[in-house]
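Below: one structure, written as structure tokens.
What follows draws every value from the coordinates through simple rules; no lab data is involved. What you see is a predicted model; the values in this text were computed from it and never measured. Reconstructed Cβ throughout: ideal geometry from the backbone, glycine too, with neighbour counts over all protein chains shown.
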There are 6 protein chains.
Amino acid sequence: MAEEPQLTHLSERGEARMVDVSDKQVTARRASALGVVAISAECAALLRSGGVPKGDAFSVARIAGIMAAKNTAQLIPLCHPLPLTGTTVEVELVGETVEIRTSVKTTSRTGVEMEALTAAAVACCAFIDMVKGVDRLARIERVEVVTKSGGRSGDWSRQT
Amino acid sequence: MAEEPQLTHLSERGEARMVDVSDKQVTARRASALGVVAISAECAALLRSGGVPKGDAFSVARIAGIMAAKNTAQLIPLCHPLPLTGTTVEVELVGETVEIRTSVKTTSRTGVEMEALTAAAVACCAFIDMVKGVDRLARIERVEVVTKSGGRSGDWSRQT
Amino acid sequence: MAEEPQLTHLSERGEARMVDVSDKQVTARRASALGVVAISAECAALLRSGGVPKGDAFSVARIAGIMAAKNTAQLIPLCHPLPLTGTTVEVELVGETVEIRTSVKTTSRTGVEMEALTAAAVACCAFIDMVKGVDRLARIERVEVVTKSGGRSGDWSRQT
Amino acid sequence: MAEEPQLTHLSERGEARMVDVSDKQVTARRASALGVVAISAECAALLRSGGVPKGDAFSVARIAGIMAAKNTAQLIPLCHPLPLTGTTVEVELVGETVEIRTSVKTTSRTGVEMEALTAAAVACCAFIDMVKGVDRLARIERVEVVTKSGGRSGDWSRQT
Amino acid sequence: MAEEPQLTHLSERGEARMVDVSDKQVTARRASALGVVAISAECAALLRSGGVPKGDAFSVARIAGIMAAKNTAQLIPLCHPLPLTGTTVEVELVGETVEIRTSVKTTSRTGVEMEALTAAAVACCAFIDMVKGVDRLARIERVEVVTKSGGRSGDWSRQT
Amino acid sequence: MAEEPQLTHLSERGEARMVDVSDKQVTARRASALGVVAISAECAALLRSGGVPKGDAFSVARIAGIMAAKNTAQLIPLCHPLPLTGTTVEVELVGETVEIRTSVKTTSRTGVEMEALTAAAVACCAFIDMVKGVDRLARIERVEVVTKSGGRSGDWSRQT
């Protein structure tokens, strides 16, 4: 009989646990994620306009994302604390959306998908905080892990 | 000449700042948000199956959301620290999605939209952490503020 | 039929929530707690001996307790964030025990029992960290709320 | 002449310090702890009763414990920050007590007793927070390290 | 006999405590601080040069300062947690120094000098982190509270 | 043509990033920093006087510094989280100044200058918090990295 797939973060009794990764290999691991914020045409125009420097709107989202990557183990209850070796967050205005791409690296026993995902989600929230005064409807329309590499399960990339 | 809309978190020089709300009224304020995680049919079936108790998968997301509401001022650089007076996070399995609804209350000088939004986004991330072992493609397909009440700008509700 | 007592932090569906205290009165509130660490005779003698100044062993526990009082809403998932207006932690060597007494005050919508209790528990842990090199068996033998005042339910004191 | 035992966290001048473990071996290490909360007969009956699901009362304590294990270096002033590789917290109702057992693993230069102890203490506090509305007298009656393995000092187990 | 001045954060026994401010008035309070970082001529020239955008070097310091203001009660052991109502951090290149000016507001029972000072100190550190790769000698040459207003002790300004 | 020196924390587009150190060697690294607080003659005399124990004024600064070393990655946006293996903070009264010397060690891929610097800066702030009631003019007059060792760039020491 085929074994039922398991929710690895739950014990046999269905109780939350931080999975034991003690015996996994320390290897270089990397993950990337994408977050997309939908904004109004007026807000997009304002962000592109030259009247007032808008640079910090993007900087705040970038920095919030980088810091969230480092805070992931405090935010996601069952995540392992990991020594991140690099993190980038890119914020780009594309039409009436803002695309936020995160990339996180570690050399550790488990992967950094959650760090990349959480960084993207929090950066999206921080960006919305910057523009909510002019665009009440700004909303996150996607956050997802895009690529993952390193570790036993090897490289992986979302097909879109 | 009509005044250009402003990004209120930026100064005239375009620099990030925490907006001065000292002169705003202390009033009861409330906001709610919705987050939606798309999961696979297999994952949805597993969450509904009776073989293993899955309660903690939902509990973890709920608790992560409540704690994120309280951590918002640490996560979103320009948010004011607010004394939250109540927070709920509901996690419901609806077809092949998980709907996460947050509600946050305060009695303070500024609103709690960002707390509701951030709680929803982090709860979505925590839920994905619980199921990623069985559903690599699990992803956030929406996070948005849904209602807001209290304060000078009055009640507001997203039209959907 | 008499109503069954409720776990107030659970909804009717048994789900964790941060209770809504929006309509409670802002009043002066206070709570105190006691923590007791049992140590060995040798450890007690060392702490009393004059050869080396031991002051920081007590200071570390005091400061850890004060900081834990302030961190309670980050540690205890459903606690409300409260603006503490005063906190003391006293650490006293009594025979072969260390008694840690905490007192916490606020002017707010809900009480500070959990702050007093958590401060005492963490101060006990911090004290054990200081002495564990000389006393592996050091252990917490009690942590409890002792008094509470303010709020609708009035003054309360544990009978011992 | 026999050397006096030392409080290793204090310098020769009695000043607090984070002990230098740079030259210790990186090895697999593990520790477990036990916390016991005494509750009333009425509270124990309520937790066992079928009328309302009580699962989240236990989940909240479990998750608070896991997160506290990860926060130990922030809570206990002189603890080293360690990359935990696994953490479990079990919460069990035994008569009129709740037994909370924690287990923490790392592969690092120093042990995780404090992480196991702090996780147990904070989980006990979180459990009391869940039941304090129905049992004001709920109290921690014990928190202690139970076993320890790995590192130069080898395996150790509390005799009870 | 004139009374000896007191260190208000110490009890009569010289023990650290968070001072009780429960009976102080809730009033609008404000404080500002100045931090100065000395940098090399080469570093100053690089920051002024047009070849590469340098905006984020300043943004990072600003945002680190704003977040530090909010974290003050976690960083400074005996500080009260306060609901900040506004915070600005300005970073300006002046000759071969970087001047960082912080302004913090609250409506609360105690003042925000420590928030202004800590924000300035941490912003200085964050700025040094940005430039240390090109200027190893960058150093903080001053951090001080400059003005304070509100509360019983009234307005105050450092004479320079 | 000589290459222009780079701000390593900025990308080619001038955007903040956490530098990728994945390929750097894991080596023993160490850094020390100095912070100096200038106080009034009256305050210095009070700290030296025998009437009331003043020990906790120094302990608070020491402990705040040690904890800040551990919090550096949360405070300085682009710092890597590092597993510190040792930290000391010494606080000494020298004439009308207080000298705070920090020393931080790790075995990791990048150095700990920022940890040493941030620990010194926050310890200075915490010390000022202790004495500000008797010395409003207390101020930081210097914070700087003093030595650094380990890693590719080798040993370094500030010439004074």
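Mind checking which of C:20, C:135, C:56 has the largest fluctuation in a GNM of chain C, springs on alpha carbons under 10 Å? With Cα springs under 10 Å in chain C, the top fluctuation among C:20, C:135, C:56 is at C:20. For chain C, hydrophobic long helices are taken as DSSP H runs at least 24 Å long by C-alpha position along their axis with mean Kyte-Doolittle hydropathy of 1.0 or more; these are C:113-131. When the Cα positions of A:34, A:47, A:66 are compared along the charge dipole of the stretch A:27-148, A:66 comes out farthest toward the positive end, with charges on each C-beta of Lys, Arg, Asp and Glu.
For the protein assembly as shown, take N as its residue count and report Rg(C-alpha) divided by 2.2 N^0.38 Å. Can you show the working numbers first?
Values: Rg = 26.2 Å, N = 960, 2.2 N^0.38 = 29.9 Å.
Normalised by 2.2 N^0.38 Å, the Cα Rg of the protein assembly as shown equals 0.88.
To the nearest 20 debye, what charge dipole does the protein assembly as shown have about its Cα centre, counting +1 at the Cβ of each Lys and Arg and -1 at the Cβ of each Asp and Glu? It would help to have the intermediate numbers written out before the result.
Numbers: 114 positive and 114 negative charges, 0 e Å.
Here the size comes out at about 0 debye.
Each Lys and Arg adds +1 at its Cβ and each Asp and Glu adds -1 at its Cβ; summed about the Cα centre, chain D shows a dipole of about 360 debye.
What length, rounded to one decimal in nm, is gained on full extension from residue C:41 through to residue C:141, with 0.36 nm per residue of separation minus their alpha-carbon distance?
In short, 34.4 nm is gained.
Shielding of peptide C:31-42 by partners, expressed as the average count of other chain Cβ atoms within 10 Å per residue Cβ, is 1. Sticking with the crude label model, points 7 Å out along Cα→Cβ, report the distance from residue F:155 to residue B:13 in nm, one decimal please. Between residue F:155 and residue B:13, the simple spin-label model gives 4.3 nm.
Relative contact order of chain E: 35 percent, from C-alpha pairs under 8 Å at least 6 residues apart in sequence.
Legend: translational diffusion of chain A by Stokes-Einstein, Rh = Kirkwood radius over C-alpha pairs, 20 °C, 1.002 mPa s; D = 126 µm²/s.
Within straight cross-link reach of residue D:24, meaning Cα distance under 29 Å, which lysines are found once same-chain residues fewer than 8 apart are removed? Candidates past the 8-residue exclusion: A:24, A:70, A:105, C:54, C:132, D:70, D:105, D:148, F:24, F:70, F:105, F:148. Taking every alpha-carbon pair within the stretch F:28-90, the share separated by more than 18 Å comes to 52 percent. Per-residue shielding of C:139-150, expressed as the average number of other chain Cβ atoms within 10 Å of the residue Cβ, stands at 5.
Looking only at other chains, what is the average number of their beta-carbon atoms within 10 angstrom of each beta-carbon in C:19-25? All intermediate terms of the calculation are to be shown ahead of the outcome.
Values: counts 5, 8, 6, 9, 5, 1, 0.
Partner-chain Cβ atoms within 10 Å, mean over residues of C:19-25: 5.
Going highest first, how would you order D:91-99, A:85-93 by mean Cβ packing within 10 Å? Provide the component values of the computation, followed by the final result.
Working: D:91-99: 15.9, A:85-93: 21.4.
The peptides rank, most packed first, as A:85-93, D:91-99.
Placing a label point 7 Å from Cα along the Cα-to-Cβ axis, residue E:12 is separated from the same position in the other copies by 3.8, 5.6, 5.6, 6.1, 7.0 nm, shortest listed first.
Its DSSP H runs of at least 4 residues, each contributing -39,500 (n - 2.57), put the calculated 222 nm mean residue ellipticity of chain E at -10000 deg cm²/dmol, to the nearest 500.
Across all Cα atoms of the stretch A:62-140, the radius of gyration (one decimal) and Dmax (whole number) stand at 13.4, 44 Å.
Tell me, what is the FRET efficiency for residue C:28 and residue D:92 to the nearest 0.05, using R0 = 35 angstrom and their Cβ-Cβ distance as r?
Values: r = 39 Å, r/R0 = 1.11.
With R0 = 35 Å, the Cβ-Cβ based efficiency is 0.35.
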